[in-house]
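Student: The structure's right below; bear with me while I get my questions together.
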Amino acid sequence: MTTTDPAGGGIAANDAVSFDLTSQPWIGVLRSDGSQDELSLRQVFAQADDLRCVVGELATQEFSLVRLLLAVAHDALDGPDDIEEWAELWEDPDCFAPVQAYLEEQRERFDLLHPSAPFLQTAGLRTAKDDVFSLNRIVADVPTGQPFFSARMPDVRRLSLAEAARWVVHVHAYDTSGIKSGMVGDDRVKGGKVYPLGTGWAGGLGGVFVEGRTLRETLLLNLVAADTEALDFSAGDRPAWRHEPCGPGSDGWSAAGPRDLYTWQSRRVRLHHDANGVHGVVLGYGDPLVARNMHRAEPMTAWRRSPAQEKKLGRAPMYLPLEHDPYRSAWRGIASLLADRLEDTGGTEGPSRLRPRVLEWVARLVTEGHLPRRFLVRTRVVGVQYGTQQSVIDEVVDDRLDMPVVLLHGQDPAYAAQAIAAAEDADRAVRALGDLAADLARATGSEQEGPKATARAEGFDALDHRYRGWLTDMAEVPDPFEHRLTWQRQVRQSVGRLGDRLIATAGDAAWEGRMYTDNKGSTHWLNAGLADVWFRGRLARALGDPDSPGSAGSGEKATASADDGPSGPESTGPTGTEHAATVSEVHV
């Protein structure tokens with residue numbers, strides 16, 4: 001017979017009354033031999049040197065689990081206090097030994113089914129109507145409104161205790177916003193509901209962390225020391241399980257440092273379970289957190305200055321997390337990982353961007369001699385893009401970028417400057433390719449945006465692997481300026497070939513051409529030959545062609561686009577195609 005425990009929720013008399021996350025396997029890992037496994041918290045730390053990484057159903061789940069492990073490590077080691085203490089940990093193969101005693105001490109708070117303090121949950125959490133909701137509310141890999149794209153079709157009816165624990169960690173970090181059910185005892189409830197208070201804390205970040213060759217290295221490389229100048233480590237900083245158990249409403253906490261933020265309780269959760277696992281959930285808002293100027297507490301994101309917030313609040317500088325663009329590879333956004341050390345603020349109140357402080361920390365490890373100067377930093381970027389007023393997850397961002405650490409430390413800023421400039425070279429060149437595709441479509445009277453977007457996607461795909469390899473090679477080159485010239489030659493060759501292909505497949509209608517009206521109201525003749533000439537000129541300007549005085553190589557940015565029309569750079573000389581010599585232009 002099933003009885004109901006008001007604290008645990010739907011527990012049968014013969015059900016398990018405990019699921020100890022310190023001893024029960026629940027964290028997915030990839031072993032060094034390539035096999036996958038599930039391990040307990042104790043096992044993860046004991047075997048960290050034999051594990052490659054944490055794995056999860058989504059990259060965001062991996063990010064939230066790594067942050068959980070970091071909170072455990074920081075708290076168990078009570079540090080590291082300074083870089084020398086960190087160096088001792090790096091050299092000690094048994095550096096995580098204190099974690100075992102720590103987990104034993106905290107074991108009661110790591111029980112997923114504890115009657116009064118279940119792990120990252122609120123005992124007795126309930127709505128006025130005692131609603132129990134579908135597990136879709138915490139499982140983020142079921143597309144909203146598109147269950148046919150999920151192996152869990154049509155909804156999530158049951159989870160194992162291990163998987164439920166992973167999604168509990170994830171929901172605090174990445175839950176959507178929107179109207180949520182009100183909980184009994186929460187003074188924010190109006191009409192049975194709580195109105196939007198924002199996403200989970202990590203959902204507003206452009207998540208960044210450093211990956212090592214093993215999970216041990218990953219945890220240590222992200223274990224920022226307390227003497228780090230760019231971060232504040234308060235004595236009150238502690239993870240969620242060392243706070244008092246949450247009530248149904250906001251407890252009014254303020255984040256004191258990374259341990260707080262890595263385990264921030266942005267939601268109130270209660271799992272409903274039986275002998276066979278978890279079958280339902282109660283989910284409401286927890287402690288909201290304003291992201292403004294949290295850059296001295298949160299090391300795992302880049303930050304941007306917000307003029308709008310500065311104007312609104314009358315204070316400056318005001319920084320907000322810099323979120324990832326799901327439509328840009330990590331290398332295209334490399335400026336956000338490097339930029340603030342390159343800016344000359346000229347006496348203003350701060351740079352326009354701050355790079356992730358975890359990368360600042362790794363740079364310091366190299367500068368002070370604890371890591372080799374040629375160390376390759378494998379930067380992992382993770383994030384989400386929300387849609388419809390942040391009530392659904394539209395896209396998950398997951399990418400890696402191997403960077404030589406010479407880009408991060410300030411001894412020679414030219415390396416970082418040329419890496420950023422090289423990404424801008426690629427962007428300008430691909431923009432020229434997209435403009436060529438648009439011109440060819442215009443020459444036939446066809447729609448232009450589709451071909452333009454397709455050409456740009458092909459251009460970035462062609463350069464993706466090349467840029468990553470070029471960036472890695474920076475660790476060995478003596479002259480970053482010459483290295484960038486090598487990159488420009490590669491871009492010119494790759495994008496030029498793609499342009500040749502577009503011209504070759506343009507079709508008879510494009511070669512015959514037609515009249516068109518530009519955005520200034522002037523009418524011109526356009527065919528494939530003229531489009532080709534314009535493309536070659538734009539590409540030369542974008543990549544610093546020595547014969548082009550307005551080239552990017554001279555410090556100017558190429559701005560020509562398809563709307564330049566006949567005033568575009570068609571006078572830059574032969575195009576290398578058999579049609580170029582026959583091009584003529586008619587102005588009306």
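Student: Restricting attention to segment 42-52, does a residue exist that is crowded, with 19+ Cβ neighbours inside 10 Å, at pLDDT 95 or above and in a loop (DSSP other than H, G, I, E, B)?
Tutor: no
Student: Quick one: count up the residues across segment 73-97 that are in a helix (DSSP H, G or I), of a type in the set (Gly, Ala, Ser) and within 30 Å of the chain's Cα centre (by Cα). Walk me through it before giving the result.
Tutor: Taking segment 73-97 and keeping what is in a helix (DSSP H, G or I), we get 73-77, 83-91, 97.
Now drop any that are not of a type in the set (Gly, Ala, Ser), which leaves 73, 76, 87, 97.
Next, only the ones that are within 30 Å of the chain's Cα centre (by Cα) stay: 73, 76, 87.
Qualifying residue count for the region: 3.
To keep it simple, each residue is scored yes or no on (1) of a type in the set (Gly, Ala, Ser); (2) over 17 Å from residue 360 (Cβ atoms).
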{"site": "399", "(1), (2)": "no, yes"}
{"site": "411", "(1), (2)": "no, no"}
{"site": "414", "(1), (2)": "yes, yes"}
{"site": "419", "(1), (2)": "yes, no"}
{"site": "423", "(1), (2)": "yes, yes"}
{"site": "426", "(1), (2)": "yes, yes"}
{"site": "432", "(1), (2)": "yes, yes"}
{"site": "437", "(1), (2)": "yes, yes"}
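Student: Between 378, 431, 355, which is open to solvent by 50 Å² or more (accessible area, probe 1.4 Å), of a type outside the set (Asp, Glu) and more than 30 Å from residue 538 (Cβ to Cβ)? Spell out the reasoning first.
Tutor: Values: 431 fails: more than 30 Å from residue 538 (Cβ to Cβ); 355 fails: open to solvent by 50 Å² or more (accessible area, probe 1.4 Å).
Within the list 378, 431, 355, the selection yields 378.
Student: Let me ask you something else. Taking segment 283-326 only, how many residues are touching a residue at least 60 places away in the same chain (Cβ under 8 Å), closer than 30 Å to residue 124 by Cβ and out of contact with any helix residue (DSSP H, G or I) (no Cβ under 9 Å at 6 or more places or on another chain)?
Tutor: 3
Student: If you go through segment 178-219, how many residues are open to solvent by 10 Å² or more (accessible area, probe 1.4 Å), among the small types (Gly, Ala, Ser) and under 20 Å from residue 382 (Cβ atoms)?
Tutor: Residues flagged as open to solvent by 10 Å² or more (accessible area, probe 1.4 Å), among the small types (Gly, Ala, Ser) and under 20 Å from residue 382 (Cβ atoms) within segment 178-219 amount to 3.
Student: Still on this structure, I have one more. Answer yes or no as to whether residue 475 is farther than 30 Å from residue 173 by Cα, assigned to a helix (DSSP H, G or I) and of a type outside the set (Lys, Arg).
Tutor: Numbers: farther than 30 Å from residue 173 by Cα: yes; assigned to a helix (DSSP H, G or I): no; of a type outside the set (Lys, Arg): yes.
For residue 475, the condition - farther than 30 Å from residue 173 by Cα, assigned to a helix (DSSP H, G or I) and of a type outside the set (Lys, Arg) - is not met.
Student: Output the qualifying pairs, or none if there are none: Cβ atoms under 7 angstrom, residues six or more apart or on different chains, first residue in segment 390-413 and open to solvent by 50 Å² or more (accessible area, probe 1.4 Å) and assigned to a loop (DSSP other than H, G, I, E, B), second residue modelled with pLDDT of 95 or more and of a type in the set (Val, Ile, Thr).
Tutor: That search, which allows pairs on different chains as well, returns 390/176; 390/199.
Student: Now a separate question. Looking only at residues in segment 118-137 that are in a loop (DSSP other than H, G, I, E, B) and open to solvent by less than 10 Å² (accessible area, probe 1.4 Å), which one is farthest from residue 169 (Cα to Cα)? Give the derivation first.
Tutor: Keep residues of segment 118-137 that are in a loop (DSSP other than H, G, I, E, B), which gives 118-132, 134.
From the residues that got through so far, the ones that are open to solvent by less than 10 Å² (accessible area, probe 1.4 Å) too are 119, 122, 125, 127.
Numbers: 119: 9, 122: 13, 125: 17, 127: 22 Å.
Ranking the candidates gives 127 first.
Student: Restricting attention to segment 367-378, and to residues there that are closer than 14 Å to residue 220 by Cα and outside any loop (DSSP other than H, G, I, E, B), which single residue is modelled with the lowest pLDDT?
Tutor: Per the stated criteria, the residue is 377.
Student: Output the residue which, of all residues in segment 478-518 that are assigned to a strand (DSSP E or B) and open to solvent by less than 80 Å² (accessible area, probe 1.4 Å), is modelled with the highest pLDDT. Give the steps one after another, and end with the answer.
Tutor: Restricting attention to segment 478-518, the residues satisfying the condition of being assigned to a strand (DSSP E or B) are 514-517.
When the remaining residues are screened for being open to solvent by less than 80 Å² (accessible area, probe 1.4 Å), the result is 515-516.
Details: 515: 92, 516: 86.
Going through the qualifying residues, I end up with 515.
Student: Checking residue 299 against (1) out of contact with any Pro (no Cβ under 9 Å at 6 or more places or on another chain); (2) of a type outside the set (A, V, I, L, M, F, W, C); (3) modelled with pLDDT of 95 or more, which test does it fail?
Tutor: The one condition residue 299 does not meet is (1).
Student: If you don't mind, there's one more thing I want to ask. Just to confirm my filter: which strands (runs of 3 or more DSSP E) fall fully inside segment 229-344 and include at least 3 residues that are hydrophobic (A, V, I, L, M, F, W, C)? Reasoning before the result, please.
Tutor: On the way: elements: 267-274, 277-285, 303-305, 319-321.
Here the list reads 277-285.
Student: Condition first: open to solvent by 10 Å² or more (accessible area, probe 1.4 Å), modelled with pLDDT of 95 or more and closer than 25 Å to residue 17 by Cα. Now tell me which residues in segment 275-296 satisfy that.
Tutor: The answer is 279, and nothing else.
Student: Before we move on, is residue 108 surrounded by fewer than 18 Cβ atoms within 10 Å (Cβ to Cβ) and closer than 23 Å to residue 160 by Cα? Working first, answer last.
Tutor: Values: surrounded by fewer than 18 Cβ atoms within 10 Å (Cβ to Cβ): yes; closer than 23 Å to residue 160 by Cα: yes.
So residue 108 passes the test.
The values are calculated or read from the model by the stated rules, or taken from the named source; none is laboratory data. Please read all numbers here as calculations on a predicted model, not as lab measurements. Backbone-built Cβ (ideal geometry, glycine too); neighbour counts: all protein chains shown. Only protein heavy atoms, including side chains, enter the accessible area calculation; ligands, DNA and RNA are left aside. Shrake-Rupley method; radii C 1.70, N 1.55, O 1.52, S 1.80 Å.
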